[in-house]
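Visitor: If you scroll down you'll find the structure; I have some questions about it.
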Amino acid sequence: MADSNVSEFSPRNYETIFISDVHLGARGCQADRLLKFLQRTTCNHLVMVGDIIDGWQLKSRLYWPDTHMMVVREILKKSRSGTKITYVTGNHDEFLRRYSDVELGNIQLVDELHLETKAGKKFLVIHGDQFDVVTRYARWLSSLGDVGYNILLKANVLLNKLRAQFGFGYWSLAKWAKDSVKQAVNFIGDFESAVSQECSRRGFDGVVCGHIHKSAIRQFQDIEYLNCGDWVESCTAILQRHDGGFEIFDAFQNQKDLDSPTTPGASGGHDVHSRDAA
């Protein structure tokens, strides 16, 4: 059930769409849902906030099904149609950081993006691994955690196959663990606080990030904190409307609409969590 911040959404043109943690090349990537979302929305600026390609997984084994290539093609199609594309690097696609600041047409590769919203606010767009102590200083532990996370995702697939047989909808075991396990809750809170403090120190009004696979729109004192979530568990995105306000799009809450032959600009009833421009 959606919370009290839910507002109506219909496929249409947005000022900016932010997606992160897609993990193309990993078996857990829900590329089919992302593809449907991209096909049903248009935007002036598409910002990919890190871990779009999972270099860690591709390094250990090659996994690149047709749906993953179709997502890439859809992004390139948007670029050819005039959409500005910014790729912000993350830790799973850190191999791209050696090419930071490269521009190919209207596609730009950066480690962080300074963005002024339609409401005139200055936002820092960054993946967020820079604020994860484990990722920065204990790579082996991060890799071990990645293995455990993949095991959790495999268990989640089996669990949802059983749920489907009994007529139940999708349920994320990983999301439940993040919301329920004290250590995970504390880690997320510490991460959000660290990112927000850094933005305040650098004079930004807000931040858009990813990394922790936990979507959010919330206020930390004078900083507006936005997290895109991911396309492995929760399948969420941050949308900036033309008035400067922000919304969280949730693919699972809108599965019926994504499965319909709706085209961008058509009316529909999608649920999002929203925050109006100040």
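The values are calculated or read from the model by the stated rules, or taken from the named source; none is laboratory data. As the structure is a computational prediction, the values presented were derived from the model and not from experiment. Every residue, glycine among them, receives a Cβ derived from its backbone with ideal geometry; neighbour counts consider all protein chains shown.
Visitor: Of all residues in segment 71-114, which are in a loop (DSSP other than H, G, I, E, B) and in contact (Cβ under 8 Å) with a residue 40 or more places away in the chain? Step through it out loud before you land on a result.
Guide: Here is the first cut: in segment 71-114, the residues in a loop (DSSP other than H, G, I, E, B) are 81-83, 89-93, 100-102, 105-106, 111.
Within segment 71-114, 83, 90, 91, 92, 93 meet the criteria.
Visitor: Now for a different question. Return the residues of segment 200-219 that are of a type in the set (S, T, N, Q) and free of Cβ contacts under 8 Å to residues at least 24 places away in the same chain; say none if nothing qualifies. Walk me through it before giving the result.
Guide: Going through segment 200-219, the residues of a type in the set (S, T, N, Q) turn out to be 200, 215, 219.
Answer for segment 200-219, where residues must be of a type in the set (S, T, N, Q) and free of Cβ contacts under 8 Å to residues at least 24 places away in the same chain: 200, 219.
Visitor: Related question: With (1) farther than 14 Å from residue 22 by Cα; (2) touching a helix residue (DSSP H, G or I) at 6+ places or on another chain (Cβ under 6 Å); (3) not small (Gly, Ala, Ser) as the list, and residue 91 as the residue in question, which single condition is left unmet?
Guide: Failed condition: (1).
Visitor: Please specify each residue of segment 55-70 satisfying the condition of being outside any helix (DSSP H, G or I) and at pLDDT 95 or above.
Guide: Let us first name the residues in segment 55-70 that are outside any helix (DSSP H, G or I), namely 61-65.
Correct list: 64, 65.
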